[in-house]
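Some notes on the structure that comes next.
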Amino acid sequence: GKKFIYAKAFNGQPTIENFRLEEFQLPDTVKDGEVLFKAEYLSVDPYMRPYMARYPEGVLMIGEQVARVLKSAHPKYPEGSLVCGKFGWATHTLIKPDEKDFSTLFPLPDLKGQPTSYGLGVLGMPGNTAYFGLLEICKPKEGETVVVTGAAGAVGSVVGQIAKIKGCKVIGFAGSQEKCDYLVKDLGFDYAFNYKTDDIKESLKKAAPKGVDCYFDNVGGEISSKIIGHMNLYGRISVCGAISAYNSKNVTLELAPILQPSMVFQQLKMEGFVVTRWADRWFEGIQQNLKWIAEGKLKYTETVTEGFLNMPQAFFDMLNGKNTGKAIVKV
Ligand code: NDP
């Protein structure tokens, strides 16, 4: 088997120097209670960048994968079946499932013929992030205006479509004209703007002349301050992520004076979350997204990188916005 070790702590933009490829021997047999898994699809996600700061150098890179049971001595994991596992950046994993909790490993639910890789995206963690993070925190009402940043990504593309399903006007911000075209033409967003070239305030004035009611924030930073400055009374902000700051070396502490006036005078509610808050409702999110896909209301795309050895490159590409929809690696 092969695995990528977090060899050198991230500092700024990740590079190949941060990783080390290692090989390891696979067992011929499994002992009682053990299962050997083989990765089929691996996920590269933004959270890997900030989360690795909690780990020492020399550990296996963290991450989720859809894996197939290669050898099993456990009744819940028959040979040939598929799982979703937080096994890290490794081609093979030998564990005792009984020693792991739900969030680390569970059998892949029946995806009703959808690609199994969707278990890493719309029918998995990012899909649930959109579903719960939007509906439970922004609580969008019909006719309201919803803004989402990181709009063409794994989470953002689902957020915007769920907001449309709920009868809202949806405005997305993404990093290229192609992505904006995709959001409006393929996903049915009402407006999409390229945050790299379009003026944020002018875009909001045009698309949301009556102000913004809900903001699903995937990116943080200056654009978020501008969007929050355009919000209506009792607006709700779901703080999902801050990818614009994940690779920064110099983080300033200047946010409060910019945000506080809007927070106070518009009486806004801003709430952060980690999607595992809804672990006990995990399959509700998956089932609902699956139903919307089957009804043709929710579309999804993936950016697939071929080959396990390209994991680091897929990760860099995702951080640099080369993906539309979910960035995954096919082994
Ligand atoms: P995406 O599929 O959206 O991929 C990341 C995207 O971020 C890139 O494609 C790029 O698109 C955009 N991006 C990169 N740099 C910047 C920047 N400086 N400013 C604005 N956008 C940038 O990833 P996910 O959908 O998986 O994740 C989206 C966000 O949700 C992240 O912040 C992530 O950390 C967060 N998250 C939070 C969870 C939680 O439980 N709270 C769970 C899952 C995700 P572009 O071309 O538009 O720049």
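Readers should treat all values here as calculations from the given coordinates under stated rules, not as data from a laboratory. This is a predicted model, so every value here is computed, not measured. As a convention, Cβ positions derive from the backbone with ideal geometry for all residues, glycine included, and neighbour counts pool all protein chains shown.
Say each of Ala256 and Asn11 gets a label point 7 Å from the Cα, pointing the same way as Cα to Cβ; how far apart are those two points in nm?
3.0
At a threshold of 8 angstrom on Cα-Cα distance, excluding pairs fewer than six apart, so keeping six or more, what relative contact order does segment 196-331 reach in percent?
In percent, rounded to a whole number, it is 17.
Under a cut-off of 17 Å between alpha-carbon atoms, report the lysines in cross-link reach of Lys71, not counting same-chain residues fewer than 8 places apart.
Of all the lysines, those that pass the test against Lys71 - Cα under 17 Å, at least 8 places apart if same chain - are Lys31, Lys38, Lys96.
Output the relative contact order of the chain, whole-number percent, from Cα pairs under 8 angstrom with separation of 6+ residues.
Dividing the mean separation by the residue count of the chain yields 18 percent.
What percent does the relative contact order of segment 125-275 come to when contacts are Cα pairs within less than 8 Å and at least six residues apart?
23
Placing +1 on the Cβ of each Lys and Arg and -1 on the Cβ of each Asp and Glu in the chain, which of Gly1, Val148, Asn323 has its Cα farthest towards the positive end of the resulting dipole?
Val148
Summing -39500 (n - 2.57) over the DSSP H runs of n ≥ 4 in the chain and dividing by its residue number, what mean residue ellipticity at 222 nm do you reach, to the nearest 500 deg cm²/dmol? Working shown, then result.
Details: 10 runs with 82 residues, N = 331.
The helix contribution divided over the chain gives -6500 deg cm²/dmol.
Counting Lys +1, Arg +1, Asp -1, Glu -1, what net charge surrounds His92 among other residues with beta carbon under 9 Å of its beta carbon? Please list the in-between numbers first.
Working: positive: Lys2, Lys3, Lys38; negative: none.
Surrounding charge for His92 is +3.
For Lys206, list the lysines whose Cα falls under 16 Å from its own Cα; do not include residues on the same chain fewer than 8 positions away.
Lys169, Lys226
How many nm is it between the label spots at Ala279 and Asp199, if each spot is 7 Å from the Cα in line with the beta carbon?
Roughly 4.8 nm, to one decimal.
When 1/r is averaged over all different Cα pairs and the result inverted, which Kirkwood radius in Å belongs to segment 125-275?
Values: mean 1/r = 0.0666 Å⁻¹.
Hydrodynamic radius (Kirkwood, Cα pairs) of segment 125-275 is 15.0 Å.
Under the √(5λ) rule applied to the eigenvalues of the Cα gyration tensor, what semi-axes describe the equivalent ellipsoid of segment 150-230? Give them in Å, descending.
On the way: eigenvalues 57, 42, 30 Å².
Semi-axes (√(5λ), whole Å): 17, 14, 12.
Can you order the peptides 5-16, 154-165 by their average number of other Cβ atoms within 10 Å per residue, highest first?
154-165, 5-16
Taking just the alpha carbons, could you work out the radius of gyration and Dmax for segment 280-331, both in angstroms?
According to the Cα coordinates of segment 280-331, Rg and Dmax are 14.1, 37 Å.
Sort 91-97, 292-298, 259-265, 57-63 by the packing proxy (mean of other Cβ within 10 Å over each peptide's residues), most packed first.
So the order, starting with the most tightly packed, is 91-97, 57-63, 292-298, 259-265.
Quote the charge dipole size of segment 125-275 about the Cα centre in Debye, to the nearest 20; the model charges only the Cβ of Lys and Arg (+1) and of Asp and Glu (-1).
So the magnitude is around 180 debye.
For segment 45-202, just the Cα atoms, rotate onto the principal axes and tell me the three extents in Å, largest first.
Projected onto its principal axes, the Cα set of segment 45-202 covers 59, 39, 28 Å.
Across all directions of projection, what mean area in square nanometres is found for the Cα convex hull of the chain?
In nm², the orientation-averaged hull projection of the chain is 16.7.
What residues from segment 107-126 fall in the zone where the backbone N is under 18 Å from a label point 7 Å along the Cα-to-C-beta line of Lys291?
Once the point is set 7 Å along Cα→Cβ of Lys291, 109-114, 122-124 turn out to lie under 18 Å by backbone N, inside segment 107-126.
What's the center-to-center distance, using Cα atoms, between segment 24-71 and segment 239-313 in Å?
Using only Cα atoms, the two centres lie 23 Å from each other.
Can you check what the net charge comes to around Pro126, using other residues whose Cβ is under 9 Å from the Cβ of Pro126 (Lys, Arg +1; Asp, Glu -1)?
Here the count lands on 0.
If the limit is 31 Å between Cα atoms, which of Lys139/Lys291; Lys210/Lys249; Lys205/Lys249; Lys112/Lys179; Lys205/Lys297 go over it? Intermediate results must be reported in sequence, preceding the final value.
Details: Lys139/Lys291 20 Å; Lys210/Lys249 37 Å; Lys205/Lys249 33 Å; Lys112/Lys179 28 Å; Lys205/Lys297 28 Å.
Beyond 31 Å: Lys210/Lys249; Lys205/Lys249.
Sum up the charges of everything whose Cβ sits under 12 Å from the Cβ of Pro107, counting Lys and Arg as +1 and Asp and Glu as -1, but leave Pro107 out.
+1
Reachable aspartates and glutamates from Lys201, Cα under 18 Å, same-chain residues fewer than 8 places away excluded?
Within the straight-line cut-off, Lys201 pairs with Asp190, Asp213, Asp217, Glu222.
Whole angstrom only: what separates the Cα centroid of segment 178-227 from the Cα centroid of segment 125-146?
Each part's Cα centre sits 16 Å from the other's.
Could you tell me which residue out of Gly133, Val30, Pro257 lies farthest along the dipole of the chain toward its positive end? Charges go on the beta carbon: Lys and Arg +1, Asp and Glu -1, centred on the Cα centre.
So the residue we want is Pro257.
Under a Cβ-Cβ limit of 4.7 Å, which cysteines in the chain have nobody to pair with?
Cys84, Cys168, Cys180, Cys240
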